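Working notes, beginning with the structure itself.
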Amino acid sequence: MSLLVIGTVAFDEVETPRGKTGKILGGAGTFIGLAASHLMDDIRIVSVVGGDFPEEHMNLLKKHNIDTQGIKVIPEGKTFFWAGRYHENMNNRDTLATELNVLADFDPVLPEEYKNSEYLMLGNLTPAIQKKVIQQMAKRPKLICMDTMNFWMDVALDDLLEVITMVDVLTINDEEARQLSGEYSLVTAARKILTMGPRYLIVKKGEHGALLFYEDKIFHAPAMPLEDVFDPTGAGDTFAGGFMGQIARNGDTGFENMKRALIYGSALASFTVEKFGTDRLVEISKEDIANRLEAFVKLTAFEI
């Protein structure tokens, strides 16, 4: 099974109450791909970087069985860069810098072999880019998952609504669900959003886990309570990568496997926040993941 990921491969600079980094590897595509690589080994990324992107970062992706031929390198350009500072509660942050650089003119062109990918994860980019990627596919993937944010709801709502009709799974956070639907109750909001096109809706609630909506069914995946959180950056993208990795590796898009995939996503995201950037995500083992999944089972198991 093959997973195509469209998303940023970038530099981050992060400051949290636990410390401060210099310029480190980041980007939605990076976190999605690395998370999925723990569950499957046919991952393709389409993105763009500048000539300043280190070969060691590219080699790290390749080491995790991620095909990087879809990452366009513009030698004279600079890689997308984001810097942010998190507040003490780790839920709020201030953006200190956003430099689009080569991302400003990103025009994704899929390599021929990518066009037959069986699963597609659309990272948080402009709706126009997400649409263009879908239109380049030789055949419709078995499952298309799309991430988006409130910014696109503010500046490109019509385009966003069009792309939503083209996907199977939409992932947004709770405030975005309320904005998109105009409803405060998440249950009512989800019901309304599901009429817009997607079969499944995932509402991410940060440290309070995630909700999966399908028809009249609802499933809640908790977040793992951790002693310490170093860096929340990339947790949502890691969640998406774990979710899609679980779906793609066994080819099951039914509700029961979607529930399992939600737990896989939550488990992998719980690792990401334990260190800065991708540091923890690249060092975990299959045993670590198995133990964390077992902890999730214990966290939610009860009898009546």
Inset, instruction - Determine whether Leu143 is closer than 21 Å to Gly27 by Cβ and at pLDDT 95 or above. - result: no
Inset, instruction - Looking at (1) out of contact with any Asp or Glu (no Cβ under 7 Å at 6 or more places or on another chain); (2) under 27 Å from Met196 (Cβ atoms); (3) of a type in the set (S, T, N, Q); (4) crowded, with 18+ Cβ neighbours inside 10 Å, find the lone condition where Asn124 falls short. - result: (1)
Inset, instruction - Answer yes or no: is there a residue in the stretch 223-233 that is farther than 21 Å from His57 by Cα, under 17 Å from the mean Cα position of the chain (by Cα) and surrounded by fewer than 23 Cβ atoms within 10 Å (Cβ to Cβ). - result: yes
Legend entry - strands (runs of 3 or more DSSP E) within the stretch 7-95 that include 2 or more residues free of Cβ contacts under 8 Å to residues at least 60 places away in the same chain and buried (at least 24 other Cβ atoms within 10 Å of the Cβ): 43-50
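Listed here are the residues, each with its yes/no results for (1) touching a helix residue (DSSP H, G or I) at 6+ places or on another chain (Cβ under 6 Å); (2) aromatic (Phe, Trp, Tyr); (3) closer than 29 Å to Thr188 by Cα; (4) at pLDDT 95 or above.
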{"residue": "Leu226", "(1), (2), (3), (4)": "no, no, no, no"}
{"residue": "Asp237", "(1), (2), (3), (4)": "yes, no, yes, yes"}
{"residue": "Ala248", "(1), (2), (3), (4)": "no, no, no, yes"}
{"residue": "Asn257", "(1), (2), (3), (4)": "no, no, yes, yes"}
{"residue": "Ala261", "(1), (2), (3), (4)": "yes, no, yes, yes"}
{"residue": "Val273", "(1), (2), (3), (4)": "yes, no, no, yes"}
Legend entry - Answer from Ile164, Ile134, Ile172 - the residue that is aliphatic (A, V, I, L, M), over 24 Å from Ala10 (Cβ atoms) and under 18 Å from the mean Cα position of the chain (by Cα): Ile164
Inset, instruction - Please go through the stretch 96-118 and pick out each residue that is part of a loop (DSSP other than H, G, I, E, B) and within 21 Å of the chain's Cα centre (by Cα). - result: Leu100, Phe106, Asp107, Pro108, Val109, Leu110, Ser117, Glu118
Inset, instruction - Determine, yes or no, whether Gly251 is over 25 Å from Leu281 (Cα atoms), small (Gly, Ala, Ser) and either surrounded by fewer than 17 Cβ atoms within 10 Å (Cβ to Cβ) or in contact with a His (Cβ under 7 Å, 6 or more places away or on another chain) (or both). - result: no
Inset, instruction - Kindly indicate which of Gly197, Gly241 is modelled with pLDDT of 95 or more, surrounded by fewer than 22 Cβ atoms within 10 Å (Cβ to Cβ) and not aliphatic (A, V, I, L, M). - result: Gly197
Legend entry - Qualifying residues in the stretch 276-304 (those that are of a type in the set (Lys, Arg) and at pLDDT 95 or above) - the one nearest to Met224 (Cα to Cα): Arg292
Inset, instruction - Please determine, by comparing only the residues of the stretch 150-164 that are crowded, with 16+ Cβ neighbours inside 10 Å and touching an Asp or Glu at 6+ places or on another chain (Cβ under 8 Å), which one is farthest from Leu125 (Cα to Cα). - result: Met153
Legend entry - Residues satisfying the stated conditions in the stretch 145-172, i.e. within 22 Å of Leu103 (Cβ to Cβ) and assigned to a strand (DSSP E or B): Cys145, Met146, Asp147, Thr171, Ile172
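The values are calculated or read from the model by the stated rules, or taken from the named source; none is laboratory data. Here the structure is a predicted model, which is why all the values come from computation and not from measurement. Note that we place each Cβ from the backbone using ideal geometry, even for glycine, and neighbour counts take in every protein chain shown.
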